[in-house]
Amino acid sequence: MKIWVDGRELDVERDVLLYDAMVSAGVEVPALCRHGGLPHEGTCRVCMVEVDIRGKRRLVASCMYPARDQGLKVYTSTRRVEVARRFVIGLLLRRNPASPAIRALADRWGAMDTSRLSPVEGKDLCIRCGRCVRACATFGARAISFANRGWDREVCTPLKEPTLICVGCLSCAEVCPTGHITYRESQGERQIWGRTFHLVRCSRCGDPFATREQLELVRDRGDVCPRCLREEEGLALRDG
Amino acid sequence: MRLSSPEDLELYREQLLRRVKPQRWVRVCAGTGCLAGGSQRVYEALVEEARRIGLDSPVKFQARCSGCHGFCEEGPLVVCGMRGSEVLYRKVRREDALEILLALADDRVVERLLYRDGREVYREERHIPFYALQMRKVLERCGKVDPRDVDHYISLGGYASLARALSMSPEEVIDLVTRAGLRGRGGGGFPAGQKWASCRSASGPQKFVLANGDEGDPGAFMDRSLMEGDPHSILEGMIIGAHAVGASKGFIYVRDEYPLAVENLTHAIREARRLGLLGRRILGSDLSFDVDICRGGGAFVCGESSALMASIEGRPGEPRVKYIRSTERGLWECPTVLNNVETWANVPIIIREGVEGYRSLGTKDSPGTKVFSLVGKVRRSGLVEVPMGTTLREIIFEIGGGVMGRNRFKAVQTGGPSGGCLPESKLDLPVDFDRLTREGSMMGSGGMIVMDHRSCMVDVARYFVKFLEGESCGKCAPCREGLKAMGEILEDLCSRRGRPGDVEMLLSMGNALTDTALCGLGQTAANPVLSTLRHFMEEYREHQDQGFCRAGVCRGMFVARVEADLCVSCGACAKVCPFDAIHRDPSGKFAVDQRCEGCGACLDVCPMGALLPSPRGVRE
């Protein structure tokens, strides 16, 4: 089917996500919470574009919006989009002034002036995009999640204690767009989320490459966690 | 006993109606408001005294509990039935039980417990101005039916609509609801028929119908009263909905802060199952459907459809981006219809009255009635049901009796935290989904807060933004960070820290938040700010530029001044002033000196309204 991006005709598959369609056509759109290897959530609202559906115009998160209407018109740089983008980037920059990633985004796309607002205390690099939480869940550990709500929302382990569920795989740190999640590695040990893991050495080269827990998780995932049980229950209900 | 066909139901109803009716009865309101006022003890005292004076034979006398009448400020309410008339007693205490019963036995009325308004004394509920101008359809049985007795519901015509709907094809039911023009009462006003049709045609291994009873707007209690007072009407609507869309399972999502609603609904479900109105092959039809209750933990955002479904699934109650409608992929990814409890309660009415009957009330685009909870600075507050298209003026001034005391009307806030404030110039606006939205407010679930000139509109906006800041789940950046930023500016404006440009910044942030937020909560969160900016800009300017709050609400942003012509020298103001700033002047009137800190205490106590807020520095 055909869609129009900034007046340019694109031939796309039905249900393809606008962001993917635009990027493969060479259109530049900023994004933060989106990660190619993870399920999308559309939480950062940086990738918003304006769509025209049968004359009705609205802003949508392009990383989540499936192309379904033949002849859909998409605009990536109308004034409305730019105001929205500057608003979101400005707010993120206010919270994370030290983050090079957000700074770069602001330099490229502009940011609302927030000098009127009081500076945010504490040096927090987290933009609450949730990539780490999704990565942890995708990998299978589910050791971290969001706690609290609103402004106080933060990523942490249960009760902020070192947790046995964590396998020290570094997926969270790997996908973090701002470098908020840090870890240390030295002399065959890795420290993350308040725990120390011993690294297993490669049988061939002898370099430490993964934690024992991580390898166990990959090998044997037989036990079912309460969350999955609930999901199973849901599936059972669904299937009658 | 199981009712295995529509004929069974009718036979059962006839049986119930043939039972001997008591000559005299009392009905005690057991809604949350009246219970808090002690109506349980009133009920017990009535039963106890009736036995003592020998009134307790079922032929002579019956005592029942009912749900909410919607006139909670006058509770506990007791209705007495005798010789075809129904007398309403208000503010009844346990000690009044014997007097009420003795009067009832002699067909007399206890005058002192009747409702009065000025010189008028009212015997019957329906004559009281608060009720007289209402049109009770959804709430028709609320306050009359015993919510704990399915037989009572059936004897009042209950479940007849279900039997009728089951004799129709699902498509016919959907067509009826579509043509009747039923729109979602939870706030959005989305056409219910369209929603049902899209769920009907969606494919999935299972379909769900859900009722949203997660009412959380400050000052709103329509859904609670309905769930407590007439739970079967919601169930009946849901079963009809299940038949229409082909669902086999339903959930009612009730916030756990509504324990009585949970209790009454649980009881209703149990009774419906016992009679075979829920379960396998309902009334002998092909429909098998059951309902469970899901109790919410009280997060405001769980009233948002996708967050509500996440919560039912056992995940954190956070919304998700839904460019694919939940009628296609909803609960557990199955086609799902979610309607507000009031919407569901409208369904049996539509089946009973048909398209024309239903459309005879309300406006062309918003047919039917709507329940509002009328609260704030209004003389008569409570639950109000009126046809759509009734003007705000009629609701506030005729039903509500206007503004309390000698204060002037200033604004009405409709639609809860997602709604907005409308000024006096909009009072003749007919209330329906589209008109309110056009003026920057919204219907919401039906909260209606009346404000007088002692309400500061900047402060009101601040209150709602701070409320939503606390309720934002924090998932998307604009809502999490934006509400905090807007809240900060509003706090500054309300405490003399406003700066030039604040108003413009609020406006641009509000518009951007509306555009960028992920869910309905965030997208409407700026409405209280945007609507007050639209209709009360001068007040914002005064806060920002002069540090003046004309309502005398924001502390330290005004000083009190005595209007000498109005002062009656009572001295109430001087007595309450914590700064010793008010003294009698040589003329005998009172005056405020420079020690006034602008706390507003005197403004609240002056019986004449002689104390007025004025800008600081004017007097110096």
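General remarks:
- Sites B:Asp149 and B:Arg534 - FRET efficiency at Förster radius 45 Å, r taken between beta-carbons, to 0.05: 0.40
- Karplus (6.51, -1.76, 1.60) ³J(HN,Hα), θ = phi - 60°, over region B:292-305, in Hz, Gly and Pro reported as x: 10, 9, 10, 8, x, x, x, 6, 4, 5, 5, x, 6, 4
- Heavy atoms of B:His535 accessible to a 1.4 Å probe, total area in Å² rounded to 10: 40 Å²
- Solvent-accessible surface of the protein assembly as shown, taken per residue with a 1.4 Å probe and all protein chains present: 42 Å².
- Exposure of A:Ser186 as accessible area (Å², to 10), given a probe of 1.4 Å and all protein chains: 70 Å²
- Cross-link partners of B:Lys575 among lysines (Cα-Cα below 19 Å; sequence separation of 8 or more within a chain): B:Lys589
- Reduction of at least 20 Å² in accessible surface, 1.4 Å probe, comparing all protein chains with the chain by itself, residues of region A:120-145: A:Arg128
- The phi torsions of region A:99-111, fed into the Karplus equation with coefficients 6.51, -1.76 and 1.60 and a -60° offset, translate into couplings of 7, x, 5, 6, 4, 5, 4, 5, 5, 7, 10, x, 9 Hz, rounded to whole numbers, with Gly and Pro shown as x.
- Sites B:Arg19 and B:Glu491, calculated FRET efficiency, Cβ-Cβ separation with R0 51 Å, nearest 0.05: 0.25
- Taking amide H atoms as placed 1.01 Å from N in the peptide plane, the amide H of B:Arg24 lies under 5 Å from those of B:Phe61, B:Gln62, each 5 or more residues away in sequence or on another chain.
- Spin-label zone in region B:491-507 - amide nitrogen under 17 Å from a point set 7 Å from the Cα of B:Lys466 along the C-beta vector: B:491-498
- Using the Cβ-Cβ distance between A:Leu237 and B:Val605 with R0 = 51 Å, the FRET efficiency computed as 1/(1 + (r/R0)^6) comes to roughly 0.25.
- Inter-label distance, A:Ser145 to B:Lys364: 5.1 nm, where each label sits 7 Å from its Cα along the C-beta direction.
- Under 5 Å, built H, 5+ apart or other chain: amide partners of B:Val291: B:Gly250
- Accessible area of B:His583 in the full protein assembly, 1.4 Å probe (Å², nearest 10): 80 Å²
- Inter-label distance, nm, simple model (7 Å from Cα along the C-beta direction), B:Met168/A:Asp152: 5.0 nm
- Accessible area, probe 1.4 Å, largest first, for residues B:His267, A:His180: A:His180, B:His267
- Residues whose amide H lies under 5 Å from that of B:Met448, counting only those 5 or more places away or on a different chain, are B:Ser373, B:Val375; hydrogens are built 1.01 Å from N in the peptide plane.
- For the residues of A:151-158, the average number of beta carbons from a partner chain within 10 Å of their own beta carbon is 2.
- Share antiparallel - DSSP beta bridges, chain B, percent rounded to 5: 60 percent
- Among the residues of B:489-495, the average count of other protein chain beta-carbon atoms within 10 Å of the residue beta-carbon is 1.
- Once both labels are positioned 7 Å from their Cα atoms along Cα-to-Cβ, the gap between B:Glu504 and B:Ser425 label points is 2.3 nm.
- In Hz, Karplus ³J(HN,Hα) per residue of region B:454-464 (6.51, -1.76, 1.60; θ = phi - 60°; x = Gly, Pro): 8, 9, 8, 6, 5, 5, 4, 4, 4, 4, 5
- Apportionment of accessible area to carbon and sulfur, chain B, percent (1.4 Å): 49 percent
- Comparing each chain alone with all protein chains together (probe 1.4 Å, DNA, RNA and ligands left out), the residues of region A:3-46 losing at least 50 Å² of accessible area are A:Thr43, A:Arg45.
- DSSP bridge pairs, the protein assembly as shown: antiparallel proportion in percent, nearest 5: 70 percent
- Anchor A:Lys2: aspartates and glutamates whose Cα lies under 18 Å away (excluding residues fewer than 8 positions away in-chain): A:Asp11, A:Glu13, A:Asp15, A:Asp20, A:Glu50, A:Asp52, A:Asp69
The values are calculated or read from the model by the stated rules, or taken from the named source; none is laboratory data. What you see is a predicted model, and the numbers here were worked out from it, not measured in a lab. Glycine gets a Cβ as well: all are built from the backbone with ideal geometry, and neighbour counts include every protein chain shown. Keep in mind that these areas ignore ligands, DNA and RNA; they rest on the heavy atoms of the full protein, side chains included. Shrake-Rupley method; radii C 1.70, N 1.55, O 1.52, S 1.80 Å.
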